[in-house]
1. Please tell me if Ser1567 is in contact (Cβ under 8 Å) with a residue 12 or more places away in the chain, closer than 25 Å to Ser1496 by Cα, open to solvent by 50 Å² or more (accessible area, probe 1.4 Å) and of a type in the set (Gly, Ala, Ser).
2. Test Ser531 against the criterion of being of a type in the set (S, T, N, Q), crowded, with 20+ Cβ neighbours inside 10 Å and within 26 Å of Leu651 (Cα to Cα), and give yes or no.
3. Which residue, of Asn282, Asn256, is within 25 Å of Leu460 (Cα to Cα) and either aromatic (Phe, Trp, Tyr) or at pLDDT below 90 (or both)?
4. Six or more apart or on different chains, Cβ atoms under 9 Å: show the pairs whose first residue is in the range 1315-1344 and within 16 Å of Ile1553 (Cα to Cα) and of a type in the set (Lys, Arg) and whose second is part of a helix (DSSP H, G or I) and open to solvent by less than 20 Å² (accessible area, probe 1.4 Å).
5. Filtering the range 562-585 down to residues that are among the polar types (S, T, N, Q) and part of a strand (DSSP E or B), which residue is nearest to the chain's Cα centre (by Cα)?
6. Between a first residue in the range 1266-1283 that is on the phi > 0 side of the Ramachandran plot and a second residue that is of a type outside the set (Phe, Trp, Tyr), which pairs have beta carbons less than 8 Å apart while being 6 or more apart in sequence or on different chains?
7. I need a count of the residues in the range 1470-1482 that are surrounded by fewer than 21 Cβ atoms within 10 Å (Cβ to Cβ) and among the hydrophobic types (A, V, I, L, M, F, W, C).
8. List pairs: first residue in the range 956-978 and under 12 Å from Thr1016 (Cα atoms), second residue part of a helix (DSSP H, G or I) and hydrophobic (A, V, I, L, M, F, W, C) anywhere in the structure, Cβ distance under 8 angstrom, at least six positions apart or on different chains.
Amino acid sequence: MATEKARQAAEVYTKGTQAWLPVDTDACWISVSCISNTITDDGNVRLVFEDDNEEKEHVFECKLTDIEKTDGSNLPPLRNPPKMEYTDDLTSLSYLNEPAVLNTIRTRYMQHLIYTYSGIVLIAVNPFDRVSLYDPDIVQQYAGRKRGELEPHLFAIAEDAYRCMIREQMNQTIVVSGESGAGKTVSAKYIMRYFATADDQESVGRNKKDGGMTEVEEQILATNPIMEAFGNAKTTRNDNSSRFGKYIEIQFDNGNNIIGAKIRTYLLERSRLIFQPNTERNYHIFYQLCAGAPHSERKEFHLGDYTTFHYLNQSGTGTIPGVDDTLEFEVTQRALSTVGLSLQLQWQIFRLLSALLHIGNIQITGRGDAMLSDTDEALNIATKLLGIKTADFRKWIVRKQIITRSEKIVTNLSPTQAVVVKDSVAKYVYANLFDWLVGVINDSLSSPDPENIRTFIGVLDIYGFEHFKKNSFEQFCINYANEKLQQQFNQHVFKLEQEEYVREQINWTFIEFSDNQKCIDLIEGKLGILSLLDEESRLPAGTDNGFCQKLYDNFGKPEYKQFFKKPRFSNNAFTVAHYAHDVQYEAENFLDKNKDTVPDEHMALLQGSEFEFLKEVMDRAAANNPAPTPEKSKRMSMIARKPTLGSIFKLSLIQLMDTIGDTNVHYIRCIKPNEAKVAWEFEPSMVLSQLRACGVLETIRISCAGYPSRWTFEEFAERYYALVPSKNWATDDLRELTKTILDSSINDESQYQIGTTKIFFRAGQLAYMEKLRSDKFNASATLLQKHMRRFIYRSRYVHMRDLAVRLQCVARQKAAAAQLQTLREQKAAIQIQTQWRRFSVRKAYIQRQQFIVHLQSAIRSYQAQQKIVYARETHAAIQIQRLARGWFARKQYKAQRDFVIHLQACVRRRTGRKQLMALRAEARSVNHFKEVSYKLENTVVELTQTITSLKEEKKGMKTKTTQLEAEIRTWMDKYEKMEKKSQKFQEKLKEPTVPQAQWDTLVSEREQLSKDYQETLEKLKNRDKEISSVTDELATLRKQNEKLHSDLETANERVADESEVAELKSQIAALKAQLTQAMRTGGGLRRGSSSNNLRSLSPAPDRLRSVSPAKQLDVNGFKDDVRQRSHSPARGRKARRNSLDAPASNKAVDRLRLKNPRPTSIDQYSNIFGAKGNRIIPGSVVEDPDEEIHNILRDEDKLLAEIAEGLIKQLKMPLPSMQNPPSRKEIFFPAHMIGMCVIEMWRKQYIQESERLLFTIMDTIQKQCLSCTGEEAITPCAFWITNVHELLSMVCSAEPELEHQVFQNGQDAGWQDFEKLVATVKFEMQCLEDNIFHAWMKEMKRRLSKMVVPAVIESQSLPGFITADSGRFFNKLLTGSSQPAYSMDDLLNFLNKVWRTMKCYFIEPSVATQVLTELLKMIGVNGFNDLLMRKNFSSWKRAMQIQYNITRVEEWCKGHDIPEGSLQLEHLMQTTKMLQFKKSSVEDIENIYDVCWILSPTQVQKLISNYHVADYENPIKPAILKAVASHVVTGDTADILLLDSVPIDDTANPFEIPVPRQTQLQTYIPSWIKVEHVRALTVLVQQQQQQQNQSPSAST
C-alpha cells in the first residue's frame, strides 16, 4: 500500500505538469515543465523537466522507497495553476509549498499588491515607496467589512480585531513583527490611525464621527511622532528604525469608544546614544533640536550644527534624504503639546537633551590616569544645564570609590574607564528621560476611571529576528524575545488547527511541530545564559571571557549541542541555534551592557541637582525601579542586588507574553524585499529567509503535517463534479455527492477526512485529484475532438458528394440543352421557308387588290365633291335670309321697352318726392316727444304707486306695532292679576284649615302660572327684536324712497332736454333692472325667511310684485352695475345676504367635489354652506375691518398656535403626483398665510410681535424638517424648502411696497430699525432654507448610500450574463444566493420620487439640478470605489451587468433633461469598458490607457490586478501585469486610487439661495385646516383691500 502511495505521488508528474526546482542563484527556485516521467519496475523514478524560461533540461531521479520514507516531500514541489498564483490567501493554494508561497508573494508584489494573507497571518512587503493605500476613504471602505470581502490590508486585520473584541468581549493583540526596515513602525502607526478615524456605524453606543476625532484619539496619534523622535534612528537598513519595542493598549469603554491608551516599552538601545556605525544616526530628536531650535534657545543651550557634537558626528551622516529635521521638530513640538506637555516643560526636556550632547563633547586625556581639565567648555556647559556642581562631576568622572567594611578607597580611572563612566551617565539620563516621557504620556492618555475600561486592543511593534556580522547583547535580547513570540505563534497556530479539527468532528492525531522550548530554556532557564550572565556581572572581577567560559562549561554537554555551539575559531563568542538561524554572539561588552549601572556618586549628584526637571525624572525612575531589600540569609551584611538589564528585560518579556496569552492574537509579518531599499525590487533569497524567520513557512509546515488542504463541500463539488457520472449530479445533498466523488477517486480513506462542513486532505492528495480532473478533462476533450473531427469529415464528405452530383446534373443539362438547340434550329428553318413562300404569294395578291381599290376611291371621290359644292351654296343663301329678318324684329322691340321704362320712372319719382316732404314735416313736430313724455309719466305713476304701497305697508306695520304693544299691556295686566291671585293663594295656604288636595291644586296652578310668565317674557323679548328689525327696515325703505324721489325729479327736469334723451333711456332701463332685481331679491328673502322662521327681513320686496313686470336682465351684469354705482355699506350688506344662483352653485360644488379629491378653498364653499357661529367668512362685510384685524393681531399667542399646529405640525401636504399635479396655491398656501400675517403685523406696527412670530415659526419648521428621517424626509423637506423660499420672496416683494407707504405717509422715523429687522429676517430665512436643504440632502444621501452598491454593482438585471459565486452546474443544488437588498428599479424609483417631488413643488431648476447632480455623483463615486476595492467583481460579465445598470441611469438622466448627470458616471462607465477589453498584450494595455483616459494609472493597475479570470479565460501574463504597474509614477498627486467620497453630512458644492420669485398674495386655505384666526384675517384683509380699491373710484 505504501509503495502504491509513492507510485501514485510520482504519477502526478505527467507531461506538461509544472513544478519547481531549487537552484543556487538568488532566484532560489525555477519553474519547470515535465517532459517525461519514467517509473521502472525496480522502483526507480526519472523525471525530465524543461526550464520554462530557458530551453534547458533538468533531470530528477529518485526511488520509490525514498518517496515513501519522505512521504513525497523529496519530489519537486508542484506549481499552482496560473489562476491560483494570484490568490490573496496562501492557504487557498492547491499546492502549499515554499516556492509556491514565494512565487505568489512575488507575483502580487510585482502588481504593487503588498499585502497577502497566510491564514491568520498578514504578510506585508515593504514597497519602499509611497502608496495610496491609507487614505481616509480607504479607511472607511474597510470599516464594518468582514475579512476577505476586500483585498488584504492592515485595516482588515484592525477591523477583524475590533469586531472580535465586540463580539467576544475579549481583549485583542495585533503583533507586528519583522526585521529592521520591513515597515513595522509604519504599519503600527496606520493601525492606530485606523482605530482613531474609522467610523463604526453598526456598534450600539459608539459615538458617530462627525468629521473629526476625539481629544483622546488625537493624543493617541500624537504619540507616534513623539516615540519616533525619541526612540527611532536611521540605520543601514531603515531610515526610521525603531530602536525599542513597544506595546500600545488602546482602551475602549462599554460603548466601544476609545477612552484612553497605555504604552509599554522594551529594551531601548542605549548604546546608540554614544555610538553609531557608519551611515547611521543617533536618535532623531537630537538632529531635530539642532536644526529647529530658535536662536534664543540655541544661545541659551549653546547649540550648534550637529557636526559640532561628538555623539552626532561619529557616523558621518546627519541627514535623511527627503526629511526636513526643522519641520519634524515642529511636528514633535505639536505632538508634545497635544499629549499635554506645556511649552515650558518641553524646553526643559530639550535643555536636558542639550546637556547630554555637551557631555559627549567632554575631552578626557591622560595616559595612565584619566585627566579632565577644569576649564573644559563642554564640562562647564553640561554641568550648568544639568544643575550640578562642576567639581564633583569632574571628580567622579576620573575617579571611583570602593566601599569596604571598614573604609572607602578612592582610585583613579584610566581614560577608557573614564569615558565609559561619562557615557554611562549620559545613557542612564537618556533612558530615564525616555521612561519619564512614556510615563507622562500614559498619565495623559490613560482613562481617569479604570472602571470605564471594558476591553483593549494592543498593538505590539517589536523588533524582528536580527543576524548581523557582529551580534552583541542587544541582538541576543531581541532574538530571545522573538524566540518567545515564535513559540507563542506556533502554539496559537497549532491550537487553531486542532480546534478546527474538533469543530469539524474528524478523526485526528496529535500534530508534532518544532517546539523551541529547549532553546528558550537555554536562555532563560535556572542555569541559562541570562542567569550565568547575571552571576558573572555581580562578581567584582567578572569578565566577558569568564562569562563565555561558564557557557562552554555548562552547555558543552551533548544534550545542548543541538541549540548551543562553540565557535571553531573564537574563545570570546558563542552560537545559539535559534528557530530561524544560527547566530554567533560576540561576548565583548556583554557584562557592561547587562550591568548598565551608574556610580553611586553620580547618582547622588543627579538626584541632588538644582535642575528641578532632572530631579523629577530621577525621582520617577527611582519610583519605577525601587531598590530591592537585602535577602534574609546567614550573611546579613549582604548588600542589595541591583537588577540587571537582562533580568529586567526577561521579567518584562514574561509579563508581555502573559498579556498576549490572555488576548486573542492577530499577526502581521513585515517583509523587507531588498537590502538596498529600492522601490518595488524583489530579492527572493532575502524574502525567503524572512519568511522562515517570521514563522510563515513554519505555519505551512504545521498545516502540511495534518490536513493542509481543506475545501467546503460546495467548492469541492464545483471543481470535481466531472469525476462522477452526471446522474449523480441531480442531488440536493452535497455531502453525498462529495463522498461519491471521493469514493470513486481515492481508494485510501486515510488520505482524507470528511467533516461537518469541509473535506480535509493529506498533503499531495489535491495534486492527485487535480491529475484525475485533468485526465478526465483531457479524455473528455479527446472524446469531443473525436466526435467533432468525425462530424467535420463526414460533413466534408457529404458536401463533396453533393457537389459531384450537382456537377453531373449540370453537365447533363448542358448536353441536353445543345441537342435541344439543334432540333430547334431545324424546325426554325422549315418554318422560315413556309413563311417566306406564303409572304411572296400574299404580297403579289395585295398589290393587285390595292390598285383596284385606289381606282374605285378616286372615282367615288370626284362624284362626292360635286354634290357637296351644291349643298354649300344652298345653305349659305338660307342663313343670310334668317339673320336679316331677326335683326329688324329685335330693333323694334328694344325701342318700345325703353319708352315704357322711362315713363314709369317719371311717375314714381313724382310720388316719392311728395312722400318725402310729408315725412320731413311730420318729423319736425313735437308729437314724438309727447309720446316719450307720456311713457315717462307712466313710469312716474308706477313709482308713485310703489311709494304709496310702501307707505301703506309702513302704516300697517305701525298698526301691527300698536297691536303688539296693546297685547303686551294685556299680558302685563294678566300677569299682575295672576300675581295677586298667587299672593292670595299663599295667604290661604298659611291657614291650617286648607285640605291637602286643595293645597296640591294651588301648587300646580302656581307652577303653571310661573311657566306662563316665563313664556310671556320670551315672547316679549322676541317682540322687541322684531320691533327693532322693523325699525331698521323702515329706515332702509325711507332711504330708498328718498332715492326714488330724487331720481324722479331728475328725470322730470331732463325730459325737455332733447340732447339727453339717450341718457334718460339708459337710466330708465337701469331703474327697471333695479326694480326687477329688488322684486326677485325680496321674493327670495321671503321664501328663505319662511323656511327658517326668520322675521328680521323687510317685507317691502313682496309689494314690488304689483309693479308691472319688467324685462329680464342679466344678474351678473346687474351686480357689476351696482358695484360701480353704489358704495353704500347698507347696500353691500343687502346684496350679500341672498343670491339668485345659489342652487347652481350647489350643483357646481357637488361637481367640484366629485372631480377634485384634494381640499377645496374656503373661497368656493363659504358662500354655499354658510357660516357657523359668529365666524367671519368670505363674502361677509364687517363694519370696521381694520379694528377686527387689530383684534386678531393682538392675540399673538392664539395666532402663533394656529400657525404652528394647523399650518406646520398637523399639515397634510399634497402628495407629488404627475397624473394629478397640485396647483401652486395648494403648495404655497402656508407661505402665503404666514407672509400675510407677518406683513399685516408690519403694516399695523406690530414689529416685535412679528419678530417673535416669525422666528418661532422658522424654528418650528426647522424642527419639523429635522425630525424626518430616511425616505420620509423627501416630501416634507422639499415642501418646506419651496415654501420658505416663497415666504422669502414675499418678504422681498413687500419691503419696497412698505417703504413706499411709509415715506408717502411721512412716517419714516423708525424705518432704519425696521429695515435692519427685515434684513435679519431675510438672512435667517436664507439660513433656514440652507439648513433644510442640507438636512434634506443628508437624509437622501444616507438613503441612497445604502442603495448604490446593491443596485448598481451587485444587482444583475441583464439576462444571459449572470454570474454567481458557485458554478453554473450547481446553482440549483445550493441555496439560492440572496438577492441584493436593492435593485435598479428601487434606485430609479428613488430618483423618480426626488425628481417628481421637486417638479410638483415648483423648486427652482438650479436647485433641482444641484440635488440630482450630487445624488448621481454619489452613485458614481460610491459605486466606483466599491468596485475598485472588491476582489471578485472585476470580471467582464460583471462589467456588462454594471454597464447595463449605468446605461439605465444615463437613460433616466436623458429622459429627465439632466445631461450633466451622465458625467458623474464616467468613471464607472470607463471601468466597465476596461474590464471588457482584451488584455493579452502590451498593445492592449496601451489601448486601455487611451480609451479609459479618466482612470488614473493606480486605478487601472488595481482593477487589472483584481481581475477575476474565468475557467475558460487565459490568466493575465506576469509581463502584462508588470507593464501595467510600470505606469504608476511615484509622487504624482493626480494619481489617486479612490475618488473623494461624497460627504453625507455636507454637500460637495455650497448651496446657493435662488433668486426671489415674482409672487402675489393668495388667500387660498383648505377647508379642513382649523385656523379660524388666520381665516378671519384673510377675509378682513380682502375686504380692506376692496374698500381701498373702491375709495379711489368713488372719489373720481
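The values are calculated or read from the model by the stated rules, or taken from the named source; none is laboratory data. Fair warning: this is a prediction, and the values are worked out from it, not measured in the lab. Note that each Cβ is placed from the backbone with ideal geometry, even for glycine, and that neighbours are counted across all protein chains shown. Quick note on the areas: whole protein, heavy atoms, side chains included, nothing else; ligands and nucleic acids left out. Shrake-Rupley method; radii C 1.70, N 1.55, O 1.52, S 1.80 Å.
1. For Ser1567, the condition - in contact (Cβ under 8 Å) with a residue 12 or more places away in the chain, closer than 25 Å to Ser1496 by Cα, open to solvent by 50 Å² or more (accessible area, probe 1.4 Å) and of a type in the set (Gly, Ala, Ser) - is not met.
2. No; evaluated as a whole, the condition is false for this residue.
3. Numbers: Asn282 fails: either aromatic (Phe, Trp, Tyr) or at pLDDT below 90 (or both).
Answer to the check: Asn256.
4. That search, which allows pairs on different chains as well, returns Lys1322/Leu1288; Lys1322/Val1291.
5. The qualifying residue nearest to the chain's Cα centre (by Cα) is Gln584.
6. Filtered contacts from the range 1266-1283: Gly1270/Glu1339; Gly1270/Arg1342; Gly1270/Arg1343.
7. The total comes to 2.
8. Final answer for the pair search is Ile968/Leu1020; Trp971/Leu1020.
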